[in-house]
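**Student:** Below you'll find the structure I mean.
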Amino acid sequence: MSSAEGKKGFLHGVVVPTALTPSSFWWPVVLLVCLQPSICQSRNGSAQEGRCLCTSDILSCTALGLEQIPKEMPVSAVTLDLSHNQIAQLKEDSFLGLSRLEILRISHNQLTFIAPRAFHNSSGTLLRHLDLSANHLCDLEQHYFADLPGLEELLLFNNRIVRIESSAFAKLRNLRKAYLSHNRLTDFPFFSIQKHTHPQLLLLDLSSNRLPKLPLEDISNLPTTIQKGLYLHNNSLVCDCSMYGLFHKWAERNFTSVTDYKEEHTCLVYGMQKGTVRFFKHDRYFEKCDFTGMKLPLAEQEGSVLAKAGSAVLLHCVTNLTGQHVTFFWVSPNQEYVAPPGNSDSLKMYSNGSLEIRDARAADSGMYWCMAVDDRQQRNETREVNLTVVTHQSQESYESFNTGFTTLLGCVVSLVLVLMYLYLTPCRCPPCRKAPPPPPPPAATTPGQTNEAGAGSAQSSILTPTPPTTTEGPGRKVSTNKHVVFLEPIREQQNGRIRAGQGTGTGQGHLGPGLLLGPEQQSKLPNQSQQKAGETDSIMSVFSDTPIMIP
């Protein structure tokens with residue numbers, strides 16, 4: 001060691017400073033310190049001997065086949081991992097001297113028993129995380145966690161737990177999350193968890209157990225923060241209306257414990273394993289359930305409560321005072337003083353301040369007044385709850401009102417549909433093609449008929465009804481052969497003058513504008529002078545309103 005160069009070797013990586021020589025005063029002290037092995041190194045020489053991994057404040061002894069807790073461990077350890085070993089029990093003072101320990105993992109072992117004072121003289125209030133999952137624990141006794149008042153997270157899932165003592169979590173006032181899923185629980189002491197005993201608790205996982213029935217009264221008394229994080233899916237619950245009503249109300253309030261696992265919420269029809277039903281997906285089984293008398297959660301109850309006559313009602317005294325030194329009492333609308341356990345069979349009061357009216361009647365309606373008194377802090381708070389009990393007659397009036405409203409709504413909808421049909425015209429269809437009228441019979445004309453006569457006859461409007469037939473003499477039919485003629489003037493310009501009409505000397509006669517005469521009438525016409533006079537008369541008859549009847 002007298003060399004001027006620093007050397008390495010048996011000191012396990014420790015470099016000896018070059019400034020030190022055998023003649024130095026401090027050299028023996030430095031040599032003793034360097035040769036002193038740490039706890040982590042002295043217990044483990046090689047990997048075959050089962051060495052632990054020691055880094056900074058973490059001590060990891062996983063999968064080493066350990067059957068008991070190591071006796072000597074560094075006091076500076078904050079995190080200790082002993083998972084995946086064969087440890088069967090935790091003896092007294094198993095973690096003695098670990099005053100800085102905050103995280104302890106003993107999962108995937110064979111733990112069946114935890115002795116009293118197993119965590120004594122350890123970090124105590126500093127230990128925040130304890131993992132005992134995947135072991136063989138069957139019971140949770142009162143002394144298991146009595147020395148861990150600062151514990152925040154407790155992992156006990158995947159064990160064989162069948163029983164939990166009511167005071168097993170009594171000392172865990174700072175507990176925030178407790179995982180007890182995948183066990184064999186058939187009961188759980190919900191009454192032991194209250195706001196004043198576990199004010200920080202946010203999550204309680206009891207899923208995948210064997211709970212057949214839930215104590216609804218104890219669960220309804222839990223704080224809302226616990227109910228939001230209470231996981232009860234994949235149990236052996238028997239299908240009934242009260243159980244379904246509880247989960248249904250939680251789903252309406254969007255509790256994550258229900259909304260995140262809707263498919264896993266099942267129940268057994270008549271308690272038979274083969275009759276498993278996903279009641280959120282197939283809720284027809286609960287169609288006839290009446291939820292009007294369901295008890296509301298403690299913090300969800302409002303100042304006014306509506307109850308059905310004959311049902312049980314639970315009134316909560318919600319105040320900010322918590323603790324074992326808080327006492328409650330109620331005053332009914334009849335000025336009756338009520339204190340635990342109650343005055344009669346109809347009024348029952350619990351230690352947490354809740355008042356139960358077992359058989360509600362119309363006479364029980366009114367304002368209930370509650371007071372909470374803290375003897376230690378010399379404080380008190382009051383709360384008022386207005387109870388209204390609805391009778392069957394009132395319910396019938398409500399139903400008739402609903403029927404009338406439905407009828408009125410149907411009438412309004414019908415009126416709107418009619419107006420839409422009248423004023424909102426659908427797409428226009430192409431007009432239907434009409435059959436062409438039959439062609440008129442050809443008129444008998446003479447070769448000498450002029451074009452002007454044809455034009456005049458085309459301008460006239462003749463209505464020819466079918467004349468009735470009569471008999472004049474035996475077997476002879478006579479037709480009246482009368483026509484109604486409306487004459488319209490033919491205005492033709494000739495040298496700046498209007499010419500009304502013109503007759504012809506040959507062929508059919510032309511009497512006035514647009515009037516044709518047959519051969520018999522033409523033979524009766526007078527001479528030329530009379531014809532001109534007839535033309536003048538026919539022109540004047542154009543302005544007459546009386547139609548001309550021609551036989």
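**Student:** Local charge sum around T112 (other residues, Cβ-Cβ under 15 Å, Lys/Arg +1, Asp/Glu -1)? Intermediate results must be reported in sequence, preceding the final value.
**Tutor:** Numbers: positive: K91, R160, R163, R184; negative: E67, D139, E141.
Value of the local net charge: +1.
**Student:** Convert each backbone phi in segment 166-178 into a coupling constant with the Karplus relation 6.51 cos²θ - 1.76 cosθ + 1.60 (shift: θ = phi - 60°), then list the ³J(HN,Hα) values in order as whole Hz, x for Gly and Pro.
**Tutor:** Listing the rounded values in order: 5, 9, 5, 10, 5, 8, 8, 6, 9, 5, 10, 9, 10 Hz.
**Student:** Oh, and also: PRE reach from H196 (point 7 Å along Cα→Cβ): which of segment 342-384 fall under 15 Å by backbone N?
**Tutor:** Counting backbone N atoms under 15 Å from the label point, the list is 350-355, 371-382.
**Student:** Hey, can you grab everything whose amide H is under 5 Å from the amide H of I161? Only 5+ residues off in sequence or another chain; H modelled, so Pro and N-termini drop out.
**Tutor:** R184
**Student:** With a probe of 1.4 Å, find how much accessible area segment 52-155 has per residue, and write the answer as a whole number in Å². Intermediate values should be presented prior to the final figure.
**Tutor:** Values: 4500 Å² over 104 residues.
Ligands and nucleic acids excluded, the figure is 43 Å² per residue.
**Student:** A further question follows. Sketch the reach of a paramagnetic label on R184 as a point 7 Å from Cα along Cα-to-Cβ, and name the residues of segment 212-254 whose backbone nitrogen lies under 18 Å away.
**Tutor:** Answer for segment 212-254: 212-213, 235-237.
**Student:** Please go through the residue pairs K213/K281; K171/K228; K308/K348; K274/K308 and name each one whose alpha carbons sit more than 26 Å apart in this structure.
**Tutor:** On the way: K213/K281 20 Å; K171/K228 23 Å; K308/K348 18 Å; K274/K308 36 Å.
Exceeds cut-off: K274/K308.
**Student:** At 7 Å along Cα-to-Cβ for each site, give me the label-to-label distance between S99 and T112 in nm.
**Tutor:** With each label point 7 Å from Cα toward Cβ, the separation is 3.7 nm.
**Student:** Please work out whether segment 173-319 counts as rounded, prolate or oblate from its C-alpha gyration tensor, where a ≥ b ≥ c are the square roots of the eigenvalues and a/c under 1.5 means rounded, while otherwise a/b larger than b/c means prolate and anything else oblate? Intermediate values should be presented prior to the final figure.
**Tutor:** Details: a/c = 1.82, a/b = 1.08, b/c = 1.68.
Oblate is the answer for segment 173-319, as a/c is 1.5 or above yet b/c matches or exceeds a/b.
**Student:** Taking a ≥ b ≥ c as the square roots of the eigenvalues of the Cα gyration tensor of segment 110-157, is the shape rounded (a/c under 1.5), prolate (a/b larger than b/c) or oblate?
**Tutor:** Verdict is oblate for segment 110-157.
**Student:** Let me ask something else about it. With each label point set 7 Å from Cα along the Cα-Cβ vector, what nm distance links A170 and D260?
**Tutor:** About 3.2 nm separates the two model spin labels.
**Student:** Give me the number: length gained by fully extending A362 to E153, i.e. 0.36 nm times residue separation minus the C-alpha to C-alpha distance, one decimal in nm.
**Tutor:** 70.4 nm
**Student:** Quick one: grab the alpha carbon gyration tensor of segment 58-100, order the square roots of its eigenvalues as a ≥ b ≥ c, and give me rounded if a/c is under 1.5, else prolate or oblate depending on whether a/b is larger than b/c. Display every interim value, and only then the final one.
**Tutor:** Numbers: a/c = 2.42, a/b = 1.29, b/c = 1.87.
Cα axes put segment 58-100 in the oblate bin.
**Student:** Report H120's accessible area, 1.4 Å probe, all protein chains in place, as a number in Å² to the nearest 10.
**Tutor:** Here the accessible area works out near 50 Å².
**Student:** Further, regarding this structure: I'd like to compare 67-75, 350-358: which one has the highest average count of other Cβ atoms within 10 Å, and what's the full order after that?
**Tutor:** Per-residue mean Cβ counts within 10 Å order the peptides as 350-358, 67-75.
The values are calculated or read from the model by the stated rules, or taken from the named source; none is laboratory data. Note that this is a predicted model, so its numbers are computed, not measured. FYI the Cβ positions are ideal-geometry reconstructions off the backbone, even for glycines, and counts take in every protein chain you see. Surface accessibility is based on the protein's heavy atoms, side chains included, excluding ligands, DNA and RNA. Shrake-Rupley method; radii C 1.70, N 1.55, O 1.52, S 1.80 Å.
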